[in-house]
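Trainee: Can you keep this structure in mind? I'll have questions shortly.
The values are calculated or read from the model by the stated rules, or taken from the named source; none is laboratory data. On a predicted model such as this, the values are computed, not experimentally measured, just so you know. Cβ: placed from backbone, ideal geometry, glycine included. Neighbour counts: every protein chain shown.
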Amino acid sequence: MRWGAQVLHVMRKDLREDGWLLGGYAALVVTVTVQSLILLGTTNGPLQLLPYLVTLFGMIVTAAVVQTDSPTRPDAFWASRPFYASAMLAAKVTLAVIIAIALPLAGQLVVGSATDATLSVLAWYLYGSARSYSLWIIIAMVLAALTSDLKSFVIAVFGLALAVLVVILLQPSGLARIPPAMRPVMGVLSGLAGVALVAALYRTHGHGRRAWIAGATVCAGALIATAAPAGSVPAISEVARDVPRATLRITSTANETTGREILLMATLDSVPRGQHLTFVSSRMLVHLRNGHTLRFPMRGYHTGFGTRTLPLRQGLGELGASSGPTFIPVAAQLSGAQERAMAAGVARIVVEGRVGVLEPHIAGTLPLVEGATLARDGMRLRVEKWSHADGEATLRLVVASISSPVPPIDESGAMPPSTSFALLNERRGEILELQPRGVMGTEAMQVLPTRGFTYTTSELVLAPRGAKDLPTTDAWLHDAKLVVIQRKPLGSYAVSAEMVVPN
Amino acid sequence: MAVIEVSHLSYRYGRVDALRDVAFSVPEGALFALLGPNGSGKTTLLQILTGLRRARAGRVRVLGTDSVSLTIHQRQRISYIAEGQRLPGWMRLEQLEAYLRPLYPTWDEALASSLRDRFGLDRARKIRAMSRGEQMKAALLCALASRPKLLLMDEPFTGMDAMVKDDLVRGLLDCAGSEGWSVLLCSHDIGELELLADWVAFLDRGEMRLSASLDDVRARFKRVEVTLEGPAVDVSPRAGDEWLAVQQAGNRVSFVLDHRDDVPPEITLRGSFPRATRLDVRDATLRELFVALATRHRSERSAEMEVTT
C-alpha cells in the first residue's frame with residue numbers, strides 16, 4: 001500500500017471510528033453558524049459562549065482523532081503494523097484541518113459574507129480566525145499525542161490553563177514584555193514546532209520527560225501567540241498630489257498661552273468639497289526670542305472636519321448642514337524648566353500634524369421600516385426602531401460589521417473608515433444628515449472566538465439637542481428613506497501652521 | 001540464519017535498569033520461548049524488537065536490519081501481538097480484516113477463513129462484544145493471515161481458560177510449524193511453553209540467564225535427587241558451581257545439575273555420593289531450571305553486596 005493510499009485508508013477508518021464525534025461537532029458548527037446569521041447584530045448574551053464551546057469541542061475532536069492511533073502508546077494498534085508514521089501523521093493533520101479547522105472557518109465565511117464584505121476584508125477576518133484557532137488545534141494535537149486517553153488529555157488542557165493563569169498572576173507584566181510584533185512570529189514557529197513534535201512522536205514513539213518539556217514549550221509559545229494582533233496593517237499612503245488639500249490655521253492669540261500649559265485653538269481652512277478630514281497633531285514647536293526652541297511631542301486626534309461632506313447629486317439640497325469652522329484644541333504641558341525657559345519670551349509657535357482624507361460615498365439606501373436590513377461593504381444594518389412625530393424623529397440602527405484593520409496615519413492616530421446616516425426625501429430633493437444621540441458598540445464573536453466583528457447600536461436624531469428647528473414635517477419624514485454614507489480613507493498629508501507672537 | 005540478533009542490549013527507565021547487556025539470537029524457523037517473571041523486561045525487549053522503543057545501548061537486528069530502521073516491507077513480514085493487545089473495539093471482525101488486508105501483500109484470505117472457522121469466530125461480531133479469549137484469537141488470526149516471517153507474541157495466554165489456550169496453541173503450532181515461520185513468544189507461565197518451544201531463553205531482572213535450544217537445555221540441566229545412607233550430613237561443602245539450588249531435608253538432597261561433561265552424570269554423581277541409597281537423575285523441567293538459575297543469581301548478588309558492604 002503506497003503512502004497516499006495509507007493516508008486515505010487511515011482517514012476513512014477515523015471517519016468511521018469517530019463518526020459520531022465528528023458529526024456532533026459538525027452539527028454544532030452548523031447550529032452556531034445559523035444562529036449567528038439569524039441573530040446577526042444582536043448582542044445575544046449567553047449564546048456568545050457558543051464559540052468557546054466550538055473551540056473546546058474542536059480540540060476534543062482533534063484529540064480523539066490523534067489518540068485513535070496514539071503516537072506514544074506502545075500498545076497502540078497501528079504502532080506495530082506496517083504503517084508509514086508520516087502517513088499516519090498526514091491523515092491526522094488532514095482530518096484536523098478539514099474538519100476541526102476548515103468547517104468553523106466556512107461558518108465564519110458564511111457569516112462574514114452576510115455583511116457583503118469585500119474579499120480583502122473577508123480574507124483578513126478569516127486569516128485572524130484561522131491563525132489563532134489553528135494554534136488551539138495544534139495545542140490539542142500536541143497534548144493528545146503526549147497523553148494516553150481523552151481523560152488525561154482534558155486534565156492536561158486544564159493543567160496548562162492553570163499553569164498559564166499562575167504565570168500571569170505571578171508575572172502580570174511578563175506577557176507585555178514580549179513585543180507584539182514578535183507574537184505572530186511566535187505563532188508561526190510554535191505551529192511548526194508543534195507539528196514537528198507530533199511528527200517526531202509518531203516516528204519515535206517517545207513519550208518521556210523530554211517530549212513533555214518540548215510539548216509544554218510549544219503549547220506555551222502557541223498560547224502567547226494566540227493573543228497576538230491579527231496581522232500588521234500597512235500604513236496609509238500619502239494622498240495623491242492632485243487631491244485638493246486643506247490648510248491648518250492657528251486661531252488663538254498668544255495671550256491664551258499662560259501658566260504651565262500652552263493651549264491653542266486651530267482649524268482647517270479651505271476644506272475641499274466632498275472630503276471628510278481627520279487631523280492628528282504630532283508636534284508643537286515653541287521658538288523663543290533667545291533663539292532656543294522647545295519641542296513638545298503631541299498625541300491629539302480629531303475627526304469630523306469638512307462641510308458639505310454628503311456625496312450629493314446635482315440638485316439635491318442639504319438640510320441643517322453646519323457652515324461654521326470646527327476648532328481643534330492643541331495643548332502642550334510645560335515642565336518647570338520649560339516654564340522658566342519661556343521667560344525669555346516666545347517669538348512664534350508652530351503646530352505640526354497630519355490630515356487624513358476620507359471620501360464619502362453612498363453605500364446604499366433602505367426604507368425606513370422597522371426590520372428593514374441592508375448588507376453592504378462589510379456591514380449589515382437593521383432598522384430596529386423608527387418613530388416620528390411633530391417633525392421630530394428617532395431612529396435606532398443595529399449594525400454588525402467586520403472591523404477591517406485600521407490604518408494608522410501616524411504613530412498617534414488612526415483613520416478608520418466611518419459610517420454616517422442621512423434621511424433622503426427624493427420628492428423634495430432634500431437630504432438631512434442624522435446626528436448620533438448615543439452609540440453603543442461591542443465586539444462580537446461568531447462561530448469562533450476571534451475578534452473582528454463589531455455590533456453597534458446607534459440612536460440617531462434629526463439634530464443635536466438645542467439645534468434650531470429643521471424644516472422637516474411628519475409628511476417629509478414619511479416620504480424619507482435612509483441613506484448609508486461610508487467614508488473610505490484616501491490617504492493623508494502633513495500640515496503645519498505658524499503663529500507669530502508680537503513683542 | 002538468525003531472524004533476531006541481539007547483543008549488549010541495555011535499556012533504562014529513568015534510573016532503573018530494565019535490560020542489562022542482553023544477548024541472544026533466534027534462528028529462522030524456531031519457536032522461541034522467552035521466559036521470565038513479571039517485571040523481568042520481556043515486554044520492553046519485545047517493544048525494542050518491534051521498534052517501539054529505542055535501545056540505549058547495544059545492537060538489535062531483526063530480519064537482518066536494525067530494529068529502528070525496519071522498512072515498511074520488512075514490517076509487513078513481522079506480526080506482533082502485544083500484551084493486552086488493544087484492537088479497535090468498534091470494528092467488526094470483517095472490518096478489522098478489511099482494514100489490515102491492504103497493508104500486507106502476503107495476506108492469505110483462505111488462511112484467514114480457515115482460522116476463523118477453527119477459532120469459531122463470527123465475522124459480523126464487533127470486537128468489543130467478544131470475550132478476551134476471542135479477542136486474542138482475532139488478534140492471532142490477523143497476525144497469522146498476513147503470513148509473517150516472524151511472529152512476536154507477548155503474554156498471549158494470560159487470563160485464558162484451558163480450552164482457549166489449547167485452540168490458540170494448536171492454531172499457532174499448525175501454522176508456524178508447517179510454514180516454517182519464526183515465533184518468539186514471551187510468557188511468565190513457564191509450564192505453558194515447555195511443550196511448545198524448541199528454543200528457550202530466561203530473562204530475569206533484565207539479564208539474560210540462559211539462551212539455548214531446548215534439546216541442549218535438556219541435555220545439560222538435570223534434576224538430581226539423592227537419598228543418603230545413615231544420619232544427615234551437610235552436603236554443601238561438596239557442592240560445586242555446577243550444583244544449582246541445592247536443597248537438603250535430612251538425608252534427602254535435591255538440586256539441578258549443570259552438566260557440561262561428556263561423562264554420564266550418574267557416574268560423576270556416584271563419585272560425589274558414594275554412600276547414596278538412591279540416586280535419581282532426570283531432565284530438569286523449565287520451571288525447575290528457571291528457579292535454580294534465578295536463585296543462584298540472587299544469592300550471588302547478595303554475596304557480592306555483602307562483600308561490598
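Trainee: Condition first: more than 7 Å from chain A (Cβ to nearest Cβ), of a type outside the set (D, E) and assigned to a helix (DSSP H, G or I). Now tell me which residues in the stretch B:85-99 satisfy that.
Mentor: B:L93, B:Q95, B:L96, B:A98
Trainee: If you don't mind, another one. Considering only residues of the stretch A:66-103 that are within 33 Å of the chain's Cα centre (by Cα) and touching a residue at least 60 places away in the same chain (Cβ under 8 Å), which is nearest to A:T31 (Cα to Cα)?
Mentor: So the residue we want is A:L103.
Trainee: Follow-up. Taking into account only those residues within the stretch B:22-38 that are within 8 Å of the chain's Cα centre (by Cα) and over 10 Å from B:S211 (Cβ atoms), which is surrounded by the most Cβ atoms within 10 Å (Cβ to Cβ)?
Mentor: Per the stated criteria, the residue is B:L35.
Trainee: Follow-up. Which of the numbered conditions does A:A222 fail, given that it passes all the others? Conditions: (1) of a type outside the set (K, R); (2) assigned to a strand (DSSP E or B); (3) at pLDDT 65 or above.
Mentor: Condition (2) is where A:A222 drops out.
Trainee: Report yes if B:A82 is surrounded by 15 or more Cβ atoms within 10 Å (Cβ to Cβ), small (G, A, S), more than 7 Å from chain A (Cβ to nearest Cβ) and touching a residue at least 24 places away in the same chain (Cβ under 8 Å), otherwise no.
Mentor: no
Trainee: What single numbered condition from (1) within 27 Å of the chain's Cα centre (by Cα); (2) at negative phi; (3) within 13 Å of chain A (Cβ to nearest Cβ); (4) not basic (K, R) fails to hold for B:L111?
Mentor: Here B:L111 meets the rest and fails (3).
Trainee: Testing A:P179 on (1) within 23 Å of A:A193 (Cβ to Cβ); (2) away from chain B (no Cβ under 14 Å); (3) part of a helix (DSSP H, G or I), one condition comes back false. Which one is that?
Mentor: A:P179 satisfies every listed condition except (3).
Trainee: Given the criterion within 30 Å of A:Y202 (Cβ to Cβ), surrounded by fewer than 21 Cβ atoms within 10 Å (Cβ to Cβ) and within 24 Å of the chain's Cα centre (by Cα), identify the matching residue among A:A163, A:A123, A:A114, A:A106.
Mentor: A:A106
For every residue, the table says whether it meets (1) within 14 Å of chain B (Cβ to nearest Cβ); (2) part of a helix (DSSP H, G or I); (3) under 30 Å from B:L45 (Cβ atoms); (4) in contact with a helix residue (DSSP H, G or I) (Cβ under 9 Å, 6 or more places away or on another chain).
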residue	(1), (2), (3), (4)
A:L56	no, yes, no, yes
A:V61	no, yes, no, yes
A:Q67	yes, yes, yes, yes
A:P74	yes, no, yes, yes
A:S80	yes, no, yes, yes
A:V93	no, yes, no, yes
A:I99	no, yes, no, yes
A:P104	no, yes, no, yes
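Trainee: Select, from B:V233, B:V226, the only residue that is in a loop (DSSP other than H, G, I, E, B) and either farther than 25 Å from B:D189 by Cα or small (G, A, S) (or both).
Mentor: B:V233
Trainee: Would you confirm whether or not the stretch B:58-68 contains a residue that is surrounded by 15 or more Cβ atoms within 10 Å (Cβ to Cβ), within 11 Å of chain A (Cβ to nearest Cβ) and at pLDDT below 90?
Mentor: So far as the stretch B:58-68 goes, yes, one or more of its residues are surrounded by 15 or more Cβ atoms within 10 Å (Cβ to Cβ), within 11 Å of chain A (Cβ to nearest Cβ) and at pLDDT below 90.
Trainee: Taking B:D216 as the residue in question, decide whether it is modelled with pLDDT of 85 or more and charged (D, E, K, R).
Mentor: yes
Trainee: Just name the residue that is surrounded by the most Cβ atoms within 10 Å (Cβ to Cβ) out of those in the stretch A:15-53 that are out of contact with any Ser or Thr (no Cβ under 6 Å at 6 or more places or on another chain), within 13 Å of chain B (Cβ to nearest Cβ) and not in a loop (DSSP other than H, G, I, E, B).
Mentor: This residue is A:L21.
Trainee: Sticking with this one: Tell me whether the stretch B:154-173 contains one or more residues that are at pLDDT 75 or above, closer than 23 Å to B:S7 by Cβ and touching a strand residue (DSSP E or B) at 6+ places or on another chain (Cβ under 7 Å).
Mentor: Within the stretch B:154-173 (the criterion being at pLDDT 75 or above, closer than 23 Å to B:S7 by Cβ and touching a strand residue (DSSP E or B) at 6+ places or on another chain (Cβ under 7 Å)), the answer is yes, since at least one residue qualifies.
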